[in-house]
Amino acid sequence: MTTTTAAPTRPRISLQRKRQRYGWFYVTPFLAIFALFFIVPLGYAAWMSLFSSTLAGGSQFAGLGNYVRAFTDPLFIGGIGRVAAFGLVMIPAQLIVAITAALVLDTLATTLSKISRLLIFAPYAIPVVVGALMWSFLYSPRFGPASTIFEWFGMAAPDFLSSSAIFGSLVNIVTWQWAGYYMIIVYAALRSVDPAIYEAARIDGANGFHIAMRIKVPMISSSMVMVITFALIGTLQFFTEPVVLRSMAAGAIDSAYTPNMYAYALAFQYSQFNYASAIAFSLGILVFIGSFIFLFFTRKQSGLK
Amino acid sequence: MKNRLLASGAAVAVAAVALTGCSGDTQASCTNTITKTDAEQVTVWAWYPAFAQVVDLFNETHDDVQICWTNAGQGNDQYSKFSTAIEAGSGAPDVLQLEFEVLSSFAIRDALVDLSEYGANDVRTNYTDGAWEDASSGDAVYAIPVDGGPMGMIYRADIFDEYGIEVPETWDEFADAAQALKDAGAPGVLADFPTNGRAFNQALFAQAGSTPFVYDSANPQEIGIEVNDDGAKEVLAYWQDLVERDLVATDDAFTADYNTNLVNGTYAVYIAAAWGPGYLGGLADADEDAVWRAAPVPQWDTANPVQINWGGSSFGVTSQSDKPELAALVAKEIFGTEEAWEIGVDQAALFPLWTPVLESDEFAQKEYPFFAGQKINEDVFLEAAAGYEGFTFSPFQNYAYDQLTEELYAMVEGQQNADEALDTLQDSLEQYATQQGFELLN
């Protein structure tokens with residue numbers, strides 16, 4: 001190899017580059033901690049997932065064996081299927097509640113709307129575990145209000161924790177918990193729209209419903225994409241609510257109910273740390289692919305194109 | 001410049017490691033206060049609330065060794081931490097409390113020291129055969145027994161009187177009593193059959209002669225599995241029948257609902273272990289009119305009674321301990337005095353496996369205020385403890401229990417019968433064992 005041009009002297013360090021160096025200095029503590037507590041554990045988990053260890057057989061290098069096993073494991077696939085089904089029901093439910101509430105609150109400008117906004121948002125302020133525990137008491141056949149209410153009509157209350165009802169019970173908890181948070185995001189986006197547009201529409205003869213559906217919703221599509229992305233990731237990683245309810249409905253919610261729960265059970269209850277790492281990574285990959293596909297198809301609405 | 005940057009980055013990283021790493025291997029924090037700071041310390045994880053007094057007692061009476069106690073959570077919470085520590089290679093205490101059912105699961109991971117090398121057999125005579133059998137496998141001793149769970153039947157004498165129910169001595173009479181209670185129009189049921197009963201359900205099966213696992217730590221790669229033997233099938237078919245006739249409830253155990261049903265009379269009978277009265281005593285909102293009595297657990301064949309056990313715990317020494325000899329001494333001696341057991345029995349409602357107390361007149365004659373002064377040890381639990389012959393658990397007991405729960409749930413939901421439930425369980429456990437590298441006996 002030959003060089004065509006010889007550098008005459010070392011280039012002088014520009015002021016801008018000097019500044020960049022100081023920037024690095026400020027970022028270093030973050031990067032160090034990020035590396036130590038995120039990259040290193042992640043790398044270690046990835047490394048662990050390449051080994052296979054059994055109770056009686058000891059540990060050996062397995063390459064991608066655990067991943068092959070994961071994607072042929074009926075429990076993992078079943079869990080993926082289940083969270084997908086949850087997503088199909090839960091995400092639209094959360095979205096409809098959030099958007100409806102935001103649109104209504106946007107039109108009202110009274111003290112009542114402020115209080116309502118706070119009330120709808122309140123469930124999000126409650127820690128997920130506490131929320132799930134609270135609902136598990138509401139669902140309880142003995143303490144729950146349902147049994148009392150049904151008794152007034154001389155009927156027996158449905159068992160919210162039975163295997164046939166548990167799906168709906170979980171959807172209800174998650175929607176209750178998150179709709180308020182999404183509502184705030186959508187509401188904030190609505191507030192940033194210039195009211196002059198509505199005025200123009202009204203002069204053109206549009207009524208409130210038209211304005212909501214034809215103007216407001218399209219104009220906040222990028223924040224809705226964000227909301228759906230959050231909801232999608234959250235649903236695929238579904239964990240806390242079913243874990244809390246499992247303590248009351250161990251039969252209806254098995255240890256592999258969602259992929260995250262499966263990884264948790266494998267690691268901490270069945271001592272299969274290697275396979276648990278592989279399951280966790282497989283889920284991570286699916287979450288990444290899922291959100292990527294979603295963001296790709298909505299790149300126009302989200303303004304990412 | 002680049003090098004200096006790297007160096008400063010490295011310095012920050014090192015500082016971060018030092019900050020987080022310092023709590024790991026130096027002085028551990030203890031819940032108790034240690035006054036004899038010169039003595040060597042042994043770290044212990046245990047969960048009884050009354051354990052603080054036992055620790056203080058031990059520390060007062062020992063000058064060469066002091067216990068540093070931490071409550072790392074009860075049962076599975078503590079096991080998760082221990083399991084993670086094993087995987088990480090550090091972080092486990094010297095000694096920890098373990099239920100008998102998990103000993104094999106930890107032994108197979110080389111997490112526990114074989115205490116027979118540290119004089120465990122010297123104290124062997126202080127324990128019943130059944131208790132020692134539960135704490136050991138073959139010649140190896142994995143833990144020193146502490147408390148046990150010999151089973152009996154606790155019942156509501158007031159409900160029995162009100163509806164004219166006789167105290168059942170056999171399971172046939174038990175079924176009749178359940179029917180009689182329903183026919184008499186009682187608002188509750190005779191008992192609960194929890195599908196998540198885990199050790200409880202397994203104990204019921206064992207009473208009819210079910211021995212689901214054959215396992216010896218001398219040959220850790222071999223396991224015999226027969227969860228669908230005749231005993232288990234007979235017992236499960238019996239309960240399936242009661243469930244189908246609506247004579248028993250099928251609520252999950254240890255939930256808020258279950259606890260309420262226990263104390264408000266919804267269940268007239270609580271088939272319980274010796275720690276059951278202590279558990280009941282700790283529950284709120286008990287029925288004021290409740291009159292509790294204890295009776296022996298019903299039998300399949302009164303001519304050949306079989307005693308069973310539910311729960312109970314022991315102290316094991318972890319393989320991460322750098323002073324196994326001292327740790328073994330702690331495991332042997334912590335519940336090896338009458339003073340310690342006075343606290344254990346009175347404060348923590350433990351059922352001792354240590355024979356000097358277990359076989360003492362004082363324990364036999366102890367009157368329990370909860371049972372209006374009934375001598376429940378003499379009447380029920382001492383005989384149950386003496387007749388118990390031990391049980392072999394699998395080295396993947398947690399998995400086995402989870403699967404059992406699923407199959408029993410499918411049964412009470414009407415998706416399968418008792419035989420199918422146990423056959424499916426057998427298949428799934430065989431498959432799991434093979435996949436975990438075990439060779440199946442049979």
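The values are calculated or read from the model by the stated rules, or taken from the named source; none is laboratory data. Bear in mind the structure is a predicted one, so any value in this text is a computation, not a measurement. Neighbour counts run over all protein chains shown; Cβ positions are idealised from the backbone, glycine included.
Contact map, the stretch A:31-57: first residue closer than 21 Å to B:S83 by Cα, second residue among the aromatic types (F, W, Y) and loosely packed, with under 14 Cβ neighbours inside 10 Å, Cβ cut-off under 7 Å, separation 6 or more or different chains; pairs are A:L50/A:F61; A:F51/A:F61. Just checking, does the stretch B:266-283 include any residue being more than 22 Å from the chain's Cα centre (by Cα) and within 14 Å of chain A (Cβ to nearest Cβ)? Among the residues of the stretch B:266-283, at least one is more than 22 Å from the chain's Cα centre (by Cα) and within 14 Å of chain A (Cβ to nearest Cβ), which makes the answer yes. When the stretch A:256-277 is filtered for residues that are under 16 Å from B:D77 (Cα atoms) and within 18 Å of the chain's Cα centre (by Cα), the ones remaining, listed by number, are A:M261, A:Y264. Among the residues of the stretch B:396-416, just one is facing chain A (nearest Cβ under 7 Å), surrounded by fewer than 22 Cβ atoms within 10 Å (Cβ to Cβ) and either assigned to a loop (DSSP other than H, G, I, E, B) or touching a strand residue (DSSP E or B) at 6+ places or on another chain (Cβ under 7 Å) (or both), namely B:E413.
Is one or more of the residues making up the stretch B:351-358 surrounded by fewer than 16 Cβ atoms within 10 Å (Cβ to Cβ) and either of a type outside the set (D, E) or under 24 Å from B:Y79 (Cβ atoms) (or both)? Checking the stretch B:351-358: at least one residue is surrounded by fewer than 16 Cβ atoms within 10 Å (Cβ to Cβ) and either of a type outside the set (D, E) or under 24 Å from B:Y79 (Cβ atoms) (or both). Looking only at residues in the stretch A:102-117 that are touching a residue at least 24 places away in the same chain (Cβ under 8 Å) and either of a type outside the set (V, I, T) or out of contact with any helix residue (DSSP H, G or I) (no Cβ under 8 Å at 6 or more places or on another chain) (or both), the one that is farthest from A:W176 (Cα to Cα) is A:D106. Of the candidates A:I285, A:I293, A:I233, the single residue that is touching a residue at least 40 places away in the same chain (Cβ under 8 Å) and among the hydrophobic types (A, V, I, L, M, F, W, C) is A:I233. Taking (1) in a helix (DSSP H, G or I); (2) farther than 23 Å from A:V227 by Cα; (3) modelled with pLDDT of 90 or more in turn, A:I96 satisfies each apart from (2).
Using the structure shown, decide if A:V225 is within 14 Å of chain B (Cβ to nearest Cβ) and under 22 Å from the mean Cα position of the chain (by Cα). No: the conditions fail for A:V225.
Screening the stretch B:159-172 for residues that are aliphatic (A, V, I, L, M) and either out of contact with any Leu (no Cβ under 7 Å at 6 or more places or on another chain) or assigned to a helix (DSSP H, G or I) (or both) and picking the one that is surrounded by the fewest Cβ atoms within 10 Å (Cβ to Cβ) gives B:V167.
Of all residues in the stretch B:417-438, count the ones that are at the interface with chain A (Cβ under 9 Å from one of its Cβ atoms), at pLDDT 95 or above and either surrounded by fewer than 17 Cβ atoms within 10 Å (Cβ to Cβ) or in a loop (DSSP other than H, G, I, E, B) (or both). Residues that pass the stated criteria total 1. Selection of first residues in the stretch A:157-171 that are away from chain B (no Cβ under 14 Å) and of second residues that are aliphatic (A, V, I, L, M) and part of a helix (DSSP H, G or I), restricted to Cβ pairs under 6 Å at least 6 apart or on distinct chains, gives the following pairs, ordered by first then second residue: A:V171/A:V89; A:V171/A:M90. Looking across A:M224, A:M213, A:M183, one residue alone is surrounded by fewer than 20 Cβ atoms within 10 Å (Cβ to Cβ) and farther than 30 Å from B:L429 by Cβ. It is A:M213.
Going by the conditions given, is B:L329 within 14 Å of another protein chain (Cβ to nearest Cβ), surrounded by 20 or more Cβ atoms within 10 Å (Cβ to Cβ) and not in a strand (DSSP E or B)? Judged against the criteria, B:L329 is not a match. Output yes when any residue across the stretch B:375-386 is small (G, A, S), crowded, with 22+ Cβ neighbours inside 10 Å, more than 10 Å from every other protein chain (Cβ to nearest Cβ) and farther than 24 Å from B:A274 by Cβ, and no when none is. Within the stretch B:375-386, none of the residues are small (G, A, S), crowded, with 22+ Cβ neighbours inside 10 Å, more than 10 Å from every other protein chain (Cβ to nearest Cβ) and farther than 24 Å from B:A274 by Cβ. Of the residues B:E117, B:E101, the single one that is closer than 30 Å to B:P168 by Cα and either out of contact with any Cys (no Cβ under 6 Å at 6 or more places or on another chain) or not β-branched (V, I, T) (or both) is B:E101. Among residues of the stretch A:233-248 being in a loop (DSSP other than H, G, I, E, B) and at pLDDT 90 or above, the one that is surrounded by the most Cβ atoms within 10 Å (Cβ to Cβ) is A:F238. The test for being crowded, with 19+ Cβ neighbours inside 10 Å, touching a helix residue (DSSP H, G or I) at 6+ places or on another chain (Cβ under 7 Å) and under 30 Å from B:F200 (Cβ atoms) holds for B:Y127.
A single member of A:I149, A:I126, A:I185, A:I120 is more than 18 Å from the chain's Cα centre (by Cα) and touching a residue at least 12 places away in the same chain (Cβ under 8 Å), and it is A:I120. Evaluating A:S116 against the criteria (1) surrounded by fewer than 19 Cβ atoms within 10 Å (Cβ to Cβ); (2) within 17 Å of A:K216 (Cβ to Cβ); (3) touching a Leu at 6+ places or on another chain (Cβ under 8 Å) leaves one unmet condition, (2).
In the stretch B:305-333, the residues that are among the aromatic types (F, W, Y) form Cβ pairs under 6 Å with partners that are not in a strand (DSSP E or B), at six or more places apart or across chains, as follows: B:W310/B:A199; B:W310/B:F200; B:W310/B:A203; B:F315/B:A143; B:F315/B:A331.
Is the stretch B:227-249 home to any residue that is buried (at least 23 other Cβ atoms within 10 Å of the Cβ), over 19 Å from B:V297 (Cα atoms) and of a type outside the set (S, T, N, Q)? Checking the stretch B:227-249: at least one residue is buried (at least 23 other Cβ atoms within 10 Å of the Cβ), over 19 Å from B:V297 (Cα atoms) and of a type outside the set (S, T, N, Q).
With respect to B:A140, is the statement that it is surrounded by fewer than 21 Cβ atoms within 10 Å (Cβ to Cβ), touching a Ser or Thr at 6+ places or on another chain (Cβ under 9 Å), more than 24 Å from B:S29 (Cβ to Cβ) and more than 14 Å from chain A (Cβ to nearest Cβ) true? The answer is yes for B:A140. If you filter the stretch B:417-433 down to residues that are under 27 Å from the mean Cα position of the chain (by Cα) and without any contact (Cβ under 8 Å) to a residue 24 or more places away in the chain, you find that the one that is nearest to B:I108 (Cα to Cα) is B:Q431.
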